[in-house]
Amino acid sequence: MLTRTGGFGVLMAAAVGTLVLLPANGLAQAEVFRVDPCTSAVLYVTRLAAVSGCAAEGNALDQHTLGVMYANGIDVVEDDAEAVRWFRMAAEQGHPEAQHDLGLMYAEGDGVPEDDVEAVRWYRLAAEQGYVPAYGNLGVMYDNGYGVPENDAEALRWYRLAAKQQFAPAQYNLGVMYDNGYGVPENDAEALRWYRLAAEQRSAPAQYNLGVIYSDGDGVPEDDVAAVHWYQLSAKQGFPAAQYNLGVMYDNGDGVPEDDGEAIRWYQLAAEQEHEIAQFTLGMMYSKGEGVPEDKDKAIHWYRLAAEQGHDIAQTNLGVMYAQRWYRYELEEIHRDTLAEASLGFVQHDLVLSYMWFTVSATQGNEVAQRNKGAIEEWLTREQIAEAQRLSQEWLERRVQEGNEPSETIRMPNQ
């Protein structure tokens, strides 16, 4: 007998870690709309002409602004290499925002080969002029050991400098450091304080982490209503982990009236952003017909998306779905000689895919998948087993090439 594993409606917390680098040129957007000419003797017809003309004359402000336009595709075709060129011109004149943004391009490998050492150099030049986002990103570099030796104390120093200037990403990262005891003694109250300061500035990950804290009652009285409040603020900004957890709250009626429709809506929004647990949850719901009409094809669709991301239970359940679909043909006694050739191939391939996904899941240590794999071996020919093994090996090699490892255990809030 094949065994399905897993459940749904369980809160999760993504591994709380530092934010990635400051989003490209986020603080420079207002400058893009500067249309005054750099000389009163010239009248420019378009915004682009004004900025381009002044940039060509060596105006660092407009060189940086033109870099922002190319980096974001504003009034021009997006072109990272051209953005780097203009950022560099302004940065070499000592423009701090351009120095920071040039560092970001090196850190991300946008328009130039990725080079963390060069990124740190430009961040440091911007930081020496007091540019606050550069403080934050220097913290990120020390936090992760990018371009410099990993150093929690240095990360904390830069985060504090930025956080004291009300820089929300750094406030969030300080919360993470206190939450996890990185470089400081673990301190729930300090984590809460910094998360709240960042959340009040609309930091979606900080709002999400506050939701988890109130769900768990970590350093605060457990409060599902407060948790829902913070999840909603984060989810409405499109943060997928918050969308998923908000779905869970509606699914279980925690802090809000139970509402299957709202639960599905938030699960779907998270799943469409490649949140693998939301995808897995939708697969479970459609396979069982709980909260939605039972739909095996939709279950397979969502399980497959989660399975492709390395979710071992989704891989196991996907294997079960394929095996069951194959077996239904056998139970219905559809004789092979009455099946169209294409249909027969489709049905037989289900069994191959079933074995393939059991194999992939078993390599991650899933014991249920290992048992299921053994259970269906007698149904396959030697050639089919060889094909399934080839497919599973190709999948595993592709994951390694993409730099992905099998899904790690996810930290769950207390239930």
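Here's the yes/no breakdown for (1) of a type in the set (A, V, I, L, M); (2) buried (at least 21 other Cβ atoms within 10 Å of the Cβ); (3) at pLDDT 95 or above:
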{"residue": "100", "(1), (2), (3)": "no, yes, yes"}
{"residue": "106", "(1), (2), (3)": "no, yes, yes"}
{"residue": "111", "(1), (2), (3)": "no, no, yes"}
{"residue": "114", "(1), (2), (3)": "no, no, yes"}
{"residue": "121", "(1), (2), (3)": "no, no, yes"}
{"residue": "127", "(1), (2), (3)": "yes, yes, yes"}
{"residue": "148", "(1), (2), (3)": "yes, no, yes"}
{"residue": "152", "(1), (2), (3)": "no, no, no"}
What helices (runs of 4 or more DSSP H), lying completely within the range 76-149, carry at least 1 residues that are among the polar types (S, T, N, Q)? 96-108, 132-144
Provide a single number: the residues in the range 43-73 that are outside any helix (DSSP H, G or I) and surrounded by 16 or more Cβ atoms within 10 Å (Cβ to Cβ). 2
Going by the conditions given, is residue 144 in contact with a Ser or Thr (Cβ under 8 Å, 6 or more places away or on another chain) and either assigned by TED's automatic domain parsing to the domain that holds residue 104 or at positive phi (or both)? yes
Taking the range 362-385 on its own, how many of its residues are more than 13 Å from residue 323 (Cβ to Cβ) and among the small types (Gly, Ala, Ser)? 2
Quick one: is residue 258 without any contact (Cβ under 8 Å) to a residue 12 or more places away in the chain and more than 20 Å from the chain's Cα centre (by Cα)? yes
Just to be sure before I move on: is residue 153 free of Cβ contacts under 8 Å to residues at least 60 places away in the same chain and of a type in the set (A, V, I, L, M, F, W, C) in the structure I sent? yes
Looking at (1) modelled with pLDDT under 90; (2) surrounded by fewer than 17 Cβ atoms within 10 Å (Cβ to Cβ); (3) under 28 Å from the mean Cα position of the chain (by Cα), which one does residue 344 not meet, given that it meets all the others? (3)
Residue check for residue 60: at pLDDT 70 or above and more than 30 Å from residue 275 (Cβ to Cβ): yes
Can you run down the residue pairs with Cβ atoms below 9 Å, 6 or more apart or on separate chains, where the first is in the range 120-136 and farther than 12 Å from residue 103 by Cα and assigned by TED's automatic domain parsing to the domain that holds residue 98 and the partner is surrounded by fewer than 20 Cβ atoms within 10 Å (Cβ to Cβ) and among the small types (Gly, Ala, Ser)? 129/94
Based on what the data block shows, is residue 327 free of Cβ contacts under 8 Å to residues at least 60 places away in the same chain, assigned to a helix (DSSP H, G or I), over 29 Å from residue 190 (Cβ atoms) and out of contact with any strand residue (DSSP E or B) (no Cβ under 7 Å at 6 or more places or on another chain)? yes
Any idea which residue in the range 269-310 is nearest to the chain's Cα centre (by Cα), counting only those that are closer than 15 Å to residue 244 by Cα and in contact (Cβ under 8 Å) with a residue 60 or more places away in the chain? 276
Residues satisfying the stated conditions in the range 82-94, i.e. of a type outside the set (A, V, I, L, M, F, W, C) and within 16 Å of residue 120 (Cα to Cα): 88, 92, 94
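The values are calculated or read from the model by the stated rules, or taken from the named source; none is laboratory data. Computed from a prediction, not measured in an experiment: that's the story for all the values here. With ideal geometry, Cβ positions are generated from the backbone for all residues, glycine too; neighbour counts draw on all protein chains shown.
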